[in-house]
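K.L.:
Structure in structure tokens, see below.
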Amino acid sequence: MQHFPVFLDMDHARVVIGGGGEIALAKLRLLLKTRAEITLCAAQFDPEIEALRPRVTLVRRPLLGCDLHGARLVYAATGDADQDARIAGLGRRAGVLVNIVDNLEASDFITPAIVDRAPLVIAIGTEGAAPVLARKIKAQLEAALPASLGVLARIGKGFRQMAEALPMGAARRNFWAEYYDTSGPRALEAGGEAQVQQTLDDLLAKHLVQKAPEGWVDFVSAGPGDPDLMTLKARKLLDRADVVIYDRLVSPEILELARREAQMISVGKEGFGPSTPQAEIHRLMIDHAAQGAHVVRLKGGDASVFGRLDEETEALDRADIRWTVVPGVTAASAAAASIGQSLTARGRNQTLRLVTAHDVKGYADQDWRALAAPGAITAIYMGKRAARFVQGRLLMHGAQAQMPVTLVENASRTDQRIVASTLAQLPEDAAALPGPVIILLGLAARSASQIPVLQEQAQ
Ligand code: SAH
């Protein structure tokens, strides 16, 4: 992030614009949303700018250093590169932040695309990389956010102190959620601002007599890594959680989706690698839920696949804490999708095995003969370290050394790697991949021409 977003207090701040034409006007329109004291300096002014007097001050000559006295921002908006550079120089000398319109490199700050539902304001920036994308996101947000939101936020802001009568945390949050989601919009539509005020009073009275909310735990499947592969339900719950307890396999992009105020607790678990002791995870979930928190226990892939879900739900049952499970995309599904393959196929395999290479006692035993049979399809989780053991068992039970094997590392993530391998090569290929890997036994990529498969490691 080269540009750090901040919201600048513009009440009575002095802003100077060098320029009097279309370019200056475009910036002026944005700045007029604030209460800044705006001065424009130019030899001539567009009639539309002239008409804005006395809201803006016009100085009928090119900008000089003395115009910048006490200014917070200066825009070089003359449309003439030399003039703009001269203004930027004056700005720097005066210690004022400079924006040269359409010249990101030479500017101290840039103006984002803005969705204005003041006091709710959303600023969108792409650091100049993709203005089209910013415009698209702006259009989507404009469509998604009703205009009434600004009014509700303004009235809500005036009520914040009153709402402090509610205990901090879930109680207060539920109050505001009900206001913005249902009661507020309804009241505004039915009776305008006065009714919204009344509704806030009524709503507060109602929430004040409500019992402290009961905490619970949602086991949420985060999917294999790509945030687009999360369910809508998972996103919704993450957006509401008070506490998120997550494993190491959950990608940073997904953690970003959690509510800003949520307490994020890493329990660093990956398969059977170094981890927070299971009992400690149970204790964390129970303690937070008992205090009334909505806990999201976020697990990679599908929570019910090699995620020790049962141990955790049983612990909650013993503590009498409610829980739900939200299913998701398991790594094997993402891996199969990445090579365009079906995990089952008529006439090839009627059974699909999801196996873990480890169990509590060490390397896990399997029905090796079934795994080695022609046409058998198996997805192995946590299989990297056990790859040689798996290879040995399969060969011993009649598998062909040339049995196709595909390794998918970081399935669905931007750093996904697909390695076309064989049973003969499996241990070496697996050892070469540092990230989480799904081993697909019996499956080769459907079309090497469409899917970037790393062949060289298989040779
Ligand atoms: N509940 C998870 C599995 C947890 S066990 C799920 O349903 O996917 C951890 C193992 O899952 C890892 O060792 C690896 O074998 C596999 N895994 C998880 N995410 C993966 C990913 N994005 N790419 C490849 N393998 C992954």
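K.L.:
With the structure loaded, tell me whether LEU309 is within 13 Å of the ligand (Cβ to nearest atom) and not assigned by TED's automatic domain parsing to the domain that holds ALA357 or whether it fails that test.
P.N.:
yes
K.L.:
Tell me, please, whether a residue that is assigned to a loop (DSSP other than H, G, I, E, B), away from the ligand (no atom under 16 Å from the Cβ) and touching a residue at least 40 places away in the same chain (Cβ under 8 Å) can be found in segment 185-202.
P.N.:
Kept after step one, since they are assigned to a loop (DSSP other than H, G, I, E, B), are these residues of segment 185-202: none.
Scanning segment 185-202, I find no residue that is assigned to a loop (DSSP other than H, G, I, E, B), away from the ligand (no atom under 16 Å from the Cβ) and touching a residue at least 40 places away in the same chain (Cβ under 8 Å), so the answer is no.
K.L.:
Listed residues VAL325, VAL296, VAL329; which is farther than 21 Å from ALA386 by Cβ, under 32 Å from the mean Cα position of the chain (by Cα), in a loop (DSSP other than H, G, I, E, B) and at pLDDT 95 or above? Before the answer, list the steps.
P.N.:
Details: VAL325 fails: in a loop (DSSP other than H, G, I, E, B); VAL296 fails: in a loop (DSSP other than H, G, I, E, B).
So the residue among VAL325, VAL296, VAL329 that is farther than 21 Å from ALA386 by Cβ, under 32 Å from the mean Cα position of the chain (by Cα), in a loop (DSSP other than H, G, I, E, B) and at pLDDT 95 or above is VAL329.
K.L.:
Further question on the same structure: Determine whether segment 403-411 contains at least one residue that is more than 28 Å from PRO252 (Cα to Cα), open to solvent by less than 10 Å² (accessible area, probe 1.4 Å) and of a type in the set (A, V, I, L, M, F, W, C). It would help to see each step written out before you state the result.
P.N.:
Step one: filter segment 403-411 for residues more than 28 Å from PRO252 (Cα to Cα), giving 403-405.
Next, from what is left, pick out any that are open to solvent by less than 10 Å² (accessible area, probe 1.4 Å): 405.
Subsequent filtering for residues that are of a type in the set (A, V, I, L, M, F, W, C) retains 405.
Yes - at least one qualifying residue is present in segment 403-411.
K.L.:
Restricting the search to segment 155-199, which residues are surrounded by fewer than 12 Cβ atoms within 10 Å (Cβ to Cβ) and among the basic types (Lys, Arg)?
P.N.:
Residues satisfying the conditions are LYS157, ARG160.
K.L.:
Between a residue in segment 412-426 that is within 17 Å of ALA331 (Cα to Cα) and outside the structural domain of ARG446 (by TED's automatic domain parsing) and any residue that is within 14 Å of the ligand (Cβ to nearest atom) and open to solvent by less than 30 Å² (accessible area, probe 1.4 Å), which pairs come within a Cβ distance under 6 Å, given they are 6 or more apart or on different chains?
P.N.:
From residues that are within 17 Å of ALA331 (Cα to Cα) and outside the structural domain of ARG446 (by TED's automatic domain parsing), there are no pairs.
K.L.:
Only one of ARG318, ARG346 is open to solvent by 40 Å² or more (accessible area, probe 1.4 Å) and assigned by TED's automatic domain parsing to the domain that holds LEU371. Can you tell me which?
P.N.:
Being open to solvent by 40 Å² or more (accessible area, probe 1.4 Å) and assigned by TED's automatic domain parsing to the domain that holds LEU371 holds for just one of ARG318, ARG346, which is ARG346.
K.L.:
How about segment 343-444: which strands (runs of 3 or more DSSP E) wholly inside it have at least 2 residues that are within 14 Å of the ligand (Cβ to nearest atom) and out of contact with any strand residue (DSSP E or B) (no Cβ under 8 Å at 6 or more places or on another chain)? Spell out how you get there, then give the answer.
P.N.:
Working: elements: 352-356, 377-381, 404-409, 417-422, 437-441.
Ranges flagged: none.
K.L.:
Of all residues in segment 38-68, count the ones that are in contact (Cβ under 8 Å) with a residue 24 or more places away in the chain and surrounded by fewer than 11 Cβ atoms within 10 Å (Cβ to Cβ).
P.N.:
1
K.L.:
Something else: How many residues are touching a residue at least 12 places away in the same chain (Cβ under 8 Å) and open to solvent by 60 Å² or more (accessible area, probe 1.4 Å) if we restrict to segment 203-236?
P.N.:
Looking only at segment 203-236, we keep the residues that are touching a residue at least 12 places away in the same chain (Cβ under 8 Å), and these are 203-204, 207-208, 210, 212-227, 229-231, 233-235.
Filter once more, keeping what is open to solvent by 60 Å² or more (accessible area, probe 1.4 Å): 208, 210, 212, 214, 216, 229, 233, 235.
Looking only at that region, the number is 8.
K.L.:
So, GLN366, is that one under 19 Å from THR422 (Cα atoms) and either of a type outside the set (D, E, K, R) or touching a residue at least 24 places away in the same chain (Cβ under 8 Å) (or both) or not? If you could, list the steps in order and put the result at the bottom.
P.N.:
Values: under 19 Å from THR422 (Cα atoms): no; either of a type outside the set (D, E, K, R) or touching a residue at least 24 places away in the same chain (Cβ under 8 Å) (or both): yes.
Criteria not met by GLN366.
K.L.:
For segment 274-301, name all the residues that are within 16 Å of the ligand (Cβ to nearest atom) and either open to solvent by less than 20 Å² (accessible area, probe 1.4 Å) or closer than 21 Å to GLU256 by Cβ (or both).
P.N.:
Going residue by residue through segment 274-301, those that are within 16 Å of the ligand (Cβ to nearest atom) are 274-276, 278, 281, 296-301.
Answer for segment 274-301, where residues must be within 16 Å of the ligand (Cβ to nearest atom) and either open to solvent by less than 20 Å² (accessible area, probe 1.4 Å) or closer than 21 Å to GLU256 by Cβ (or both): ILE281, VAL296, ARG297, LEU298, LYS299, GLY300, GLY301.
K.L.:
Restricting attention to segment 176-188, which residues are at pLDDT 90 or above and either more than 21 Å from ALA118 (Cα to Cα) or among the acidic types (Asp, Glu) (or both)?
P.N.:
The one that is at pLDDT 90 or above and either more than 21 Å from ALA118 (Cα to Cα) or among the acidic types (Asp, Glu) (or both): GLU178.
K.L.:
Check whether at least one residue in segment 130-143 is touching a helix residue (DSSP H, G or I) at 6+ places or on another chain (Cβ under 8 Å) and part of a helix (DSSP H, G or I), and report yes or no.
P.N.:
Going through segment 130-143, the residues touching a helix residue (DSSP H, G or I) at 6+ places or on another chain (Cβ under 8 Å) turn out to be none.
Looking through segment 130-143, none of the residues is touching a helix residue (DSSP H, G or I) at 6+ places or on another chain (Cβ under 8 Å) and part of a helix (DSSP H, G or I).
K.L.:
Residues that are in contact (Cβ under 8 Å) with a residue 60 or more places away in the chain, more than 15 Å from ALA430 (Cα to Cα) and not assigned by TED's automatic domain parsing to the domain that holds GLY301: does segment 393-408 have at least one? Explain how you work it out, then say what you get.
P.N.:
Kept after step one, since they are in contact (Cβ under 8 Å) with a residue 60 or more places away in the chain, are these residues of segment 393-408: 406, 408.
Filter once more, keeping what is more than 15 Å from ALA430 (Cα to Cα): none.
So far as segment 393-408 goes, no, none of its residues is in contact (Cβ under 8 Å) with a residue 60 or more places away in the chain, more than 15 Å from ALA430 (Cα to Cα) and not assigned by TED's automatic domain parsing to the domain that holds GLY301.
The values are calculated or read from the model by the stated rules, or taken from the named source; none is laboratory data. All values derive from a computational prediction rather than experimental measurement. Positions of Cβ are backbone-derived with ideal geometry, glycine not excepted, and every protein chain shown enters the neighbour counts. Heavy atoms of the whole protein, side chains included, go into the accessibility calculation; ligands, DNA and RNA do not. Shrake-Rupley method; radii C 1.70, N 1.55, O 1.52, S 1.80 Å.
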